[in-house]
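Accompanying notes for the structure given below.
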There are 2 protein chains.
Amino acid sequence: MSIPVDHPRYHSLRVRERLAQAMQAGVVAPEGLCAHGRGESFYYLLGEQTIPSAQEAARCAAALFFVAKHPMISVNGNTAVLAASEIASLQKVTGAMVEVGLFHRTEERILMITDLLTAAGVQVLKGEAERLLPLSHDRAFCLRHGIYEADLVLVPLEDGDRAGALALLGKKVITIDLNPLSRTSRTATLPIIAEVTEVLPLITSYATSLTQSEAISILDTMPDPVWFLQAALDTISQRLSHVLD
Amino acid sequence: MSIPVDHPRYHSLRVRERLAQAMQAGVVAPEGLCAHGRGESFYYLLGEQTIPSAQEAARCAAALFFVAKHPMISVNGNTAVLAASEIASLQKVTGAMVEVGLFHRTEERILMITDLLTAAGVQVLKGEAERLLPLSHDRAFCLRHGIYEADLVLVPLEDGDRAGALALLGKKVITIDLNPLSRTSRTATLPIIAEVTEVLPLITSYATSLTQSEAISILDTMPDPVWFLQAALDTISQRLSHVLD
């Protein structure tokens, strides 16, 4: 299964291999690999970079964390495998609690992901999950004193239905998703169209130096969610127009 | 692991689940799921349809099969799981031989995919594979009396390096790939930018009614490969420009 080092997409194939191994260990659901592939396409279309509008979104995210009373970070298998230490750093700066939230939920996977996050320095909220989200299926499960009572939830790489259910409950929802057309992105209060390992440290960095007056001023002028989506779509359109030149 | 039927992307999730099961059975490589996800994104961007330029490409593919002396179809795990019976129909009409070609090659997977194809009515070429393609890694393996001696190879869902190696050997290469920017698509003699289960029956249907003079006339006016890529990119650009309206 080793990837030939002379392959032009070596890095991308290595990340896939890491996720494949995590899947074989049971941490990532098989469908998580498909979801990752979808993200890869959009990352490529965006020029494999964090575009300026996403940097602006990261700044707004830092401000939302600053003023939130009960901020949560919902972490699934893909996020844990790709970005456990980046989550730990963001948690230290924002004081947000971390809850494991899974689309394909089993207690075994919850425990494995919790262990993986804990090993990276994340403090994971534990407890008895209840069916509290307005969704069919096991996706409805979350912790009462965690995501259910939160006023702000950051959901990197989340399923669109689950992100939508959180918004329906009146929470501010920050998503991180490379697809500006996904239901996840279109549901968010603040959609961050960016690669998760690149943009989490950016949020952390903004949050580190933020003052209260800066946070309030950022939120006063925060663009509409659609502005962030359109900026990403415009970037893709511009790139497509001269990619074969 | 069951998908809630009220989920708005039920069909797409079901196909993923099928591939996930095939992976657990060892037929599809884990990385094949990522590759499928990449395709899903582009399918969505293209409007989940076979665009007119891809229909034209299918007509050209039928003509290339008609005039080929030794046409081959290279089938990997994803293609076998998604389109075994469509491959069988195309083989019947074109007389092309089918060879199993894998990026993540093991003899066990070759046998499993061969069985799966055979059960669907495909005649699979067998023999002792040799390192005949100009590639590092086990990707170099193919059959001497199969792909190595072919003048035309159809490679649905192929890795870009492998498609490139076939082109280097002077073969005409028809690719089926939803990503118009992939190296696979940009390497092809004839890049078909379409979903494999939709476009294979279209090629079969064109091939069924083709006469020699029609085939020659189609090939005389066959567009440049870049024309097919640009047509797909234009479709995506147009869709992106008013998707948030």
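The values are calculated or read from the model by the stated rules, or taken from the named source; none is laboratory data. Computed from a predicted model, the values in this text were never measured in an experiment. With ideal geometry, Cβ positions are generated from the backbone for all residues, glycine too; neighbour counts draw on all protein chains shown.
Could you say whether any residue in segment B:188-207 is among the acidic types (Asp, Glu), surrounded by 23 or more Cβ atoms within 10 Å (Cβ to Cβ) and at pLDDT below 95? Looking through segment B:188-207, none of the residues is among the acidic types (Asp, Glu), surrounded by 23 or more Cβ atoms within 10 Å (Cβ to Cβ) and at pLDDT below 95.
Restricting attention to segment B:200-231, the residues being in contact with a Phe, Trp or Tyr (Cβ under 8 Å, 6 or more places away or on another chain), of a type in the set (Gly, Ala, Ser) and within 20 Å of B:Leu178 (Cα to Cα) number 0. Tally the residues that are crowded, with 20+ Cβ neighbours inside 10 Å and of a type in the set (D, E, K, R), restricting the search to segment B:67-90. Of the residues in segment B:67-90, 1 are crowded, with 20+ Cβ neighbours inside 10 Å and of a type in the set (D, E, K, R).
Scanning segment A:198-221 for any residue that is at the interface with chain B (Cβ under 10 Å from one of its Cβ atoms) and in contact with a Pro (Cβ under 9 Å, 6 or more places away or on another chain) turns up nothing.
Only a single criterion out of (1) in contact with a Ser or Thr (Cβ under 9 Å, 6 or more places away or on another chain); (2) touching a residue at least 24 places away in the same chain (Cβ under 8 Å) is not satisfied by A:Leu169, namely (1).
Looking at segment A:144-180, which of its residues are of a type in the set (A, V, I, L, M, F, W, C) and not in a helix (DSSP H, G or I)?
Result: A:Ala150, A:Leu152, A:Val153, A:Leu154, A:Val155, A:Leu157, A:Leu169, A:Val173, A:Ile174, A:Ile176, A:Leu178.
Being more than 14 Å from every other protein chain (Cβ to nearest Cβ), modelled with pLDDT of 90 or more, surrounded by fewer than 21 Cβ atoms within 10 Å (Cβ to Cβ) and assigned to a helix (DSSP H, G or I) is not true of A:Ala54.
The set of residues in segment A:158-170 that are in contact with a strand residue (DSSP E or B) (Cβ under 8 Å, 6 or more places away or on another chain) and buried (at least 23 other Cβ atoms within 10 Å of the Cβ) comprises A:Glu158, A:Arg162, A:Ala163, A:Leu166.
Residue by residue, here is whether (1) at pLDDT 95 or above; (2) over 16 Å from the mean Cα position of the chain (by Cα); (3) at negative phi holds:
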position	(1), (2), (3)
B:Ala61	yes, no, yes
B:Lys69	yes, yes, yes
B:Gly77	no, no, yes
B:Glu99	yes, no, yes
B:Leu111	no, yes, yes
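Restricting the search to segment A:118-166, which residues are at pLDDT below 95, of a type in the set (Gly, Ala, Ser) and farther than 19 Å from A:Glu107 by Cα? Within segment A:118-166, A:Gly160, A:Ala163, A:Gly164, A:Ala165 meet the criteria. I'd like the residue in segment A:181-202 that is β-branched (Val, Ile, Thr) and not in a helix (DSSP H, G or I) and, out of all such residues, is nearest to A:Leu166 (Cα to Cα). Only one residue fits best here, namely A:Thr189. Taking segment A:148-161 as the range and being in contact with a Lys or Arg (Cβ under 8 Å, 6 or more places away or on another chain) and either in contact (Cβ under 8 Å) with a residue 40 or more places away in the chain or at positive phi (or both) as the test, the residues that pass are A:Ala150, A:Asp151, A:Leu152, A:Val153, A:Val155, A:Asp159.
Here is a yes/no grid of residues against (1) facing another protein chain (nearest Cβ under 7 Å); (2) part of a helix (DSSP H, G or I); (3) at pLDDT 90 or above; (4) surrounded by fewer than 22 Cβ atoms within 10 Å (Cβ to Cβ):
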site: B:Val5; (1), (2), (3), (4): no, no, no, yes
site: B:Arg16; (1), (2), (3), (4): yes, yes, no, no
site: B:Met23; (1), (2), (3), (4): yes, yes, no, no
site: B:Gly26; (1), (2), (3), (4): no, no, no, yes
site: B:Phe65; (1), (2), (3), (4): no, yes, yes, no
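A:Val93 meets the conditions (1) aliphatic (A, V, I, L, M); (2) touching a residue at least 60 places away in the same chain (Cβ under 8 Å); (3) out of contact with any Pro (no Cβ under 9 Å at 6 or more places or on another chain); (4) surrounded by 20 or more Cβ atoms within 10 Å (Cβ to Cβ) in every case but one. The failed one is (4).
Could we say that B:Asp138 is surrounded by fewer than 23 Cβ atoms within 10 Å (Cβ to Cβ), within 14 Å of chain A (Cβ to nearest Cβ), farther than 20 Å from B:Ala61 by Cβ and not β-branched (Val, Ile, Thr) here? Yes.
Of the residues making up segment B:99-129, those that are without any contact (Cβ under 8 Å) to a residue 24 or more places away in the chain and not aliphatic (A, V, I, L, M) are B:Thr106, B:Glu107, B:Thr114, B:Asp115, B:Thr118, B:Lys126, B:Gly127, B:Glu128.
Residues that are under 21 Å from A:Gly32 (Cα atoms) and more than 12 Å from chain B (Cβ to nearest Cβ) within segment A:187-196 comprise A:Ala188, A:Ile192, A:Ile193, A:Ala194, A:Glu195, A:Val196, listed in sequence order. Among the residues of segment B:143-186, those identified as acidic (Asp, Glu) and more than 20 Å from B:Gly32 (Cα to Cα) are B:Glu149, B:Asp151. For segment A:91-121, which residues satisfy the criterion of being out of contact with any strand residue (DSSP E or B) (no Cβ under 7 Å at 6 or more places or on another chain) and assigned to a helix (DSSP H, G or I)? Selection gives A:Lys92, A:Val93, A:Glu107, A:Glu108, A:Arg109, A:Leu111, A:Met112, A:Asp115, A:Leu116, A:Ala119. Condition first: farther than 22 Å from B:Phe103 by Cα, in a loop (DSSP other than H, G, I, E, B) and within 9 Å of chain B (Cβ to nearest Cβ). Can you find one or more residues in segment A:28-43 that meet it? Within segment A:28-43 (the criterion being farther than 22 Å from B:Phe103 by Cα, in a loop (DSSP other than H, G, I, E, B) and within 9 Å of chain B (Cβ to nearest Cβ)), the answer is yes, since at least one residue qualifies.
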